[in-house]
């Protein structure tokens, strides 16, 4: 059983966000594209940097 809130972005969309960040696109443009907050994109970015 998984607790907590459901993810806003699917794993496939998260991979797309990582690719867009790698290409140098601004976080604000990415969050508007996926209709999520800046914090969601920043969280994915931080998680990627730790890996």
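Numbers below:
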read-out	value
Residues of segment 25-50 that turn out to be assigned to a loop (DSSP other than H, G, I, E, B) and modelled with pLDDT under 95, as a count	0
Residues satisfying the stated conditions in segment 1-24, i.e. outside any helix (DSSP H, G or I) and surrounded by fewer than 12 Cβ atoms within 10 Å (Cβ to Cβ)	1, 2, 3, 4, 5, 6, 7, 10, 23, 24
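The values are calculated or read from the model by the stated rules, or taken from the named source; none is laboratory data. Fair warning: this is a prediction, and the values are worked out from it, not measured in the lab. So basically every Cβ, Gly included, is an ideal-geometry build from the backbone, and we count neighbours across all protein chains shown.
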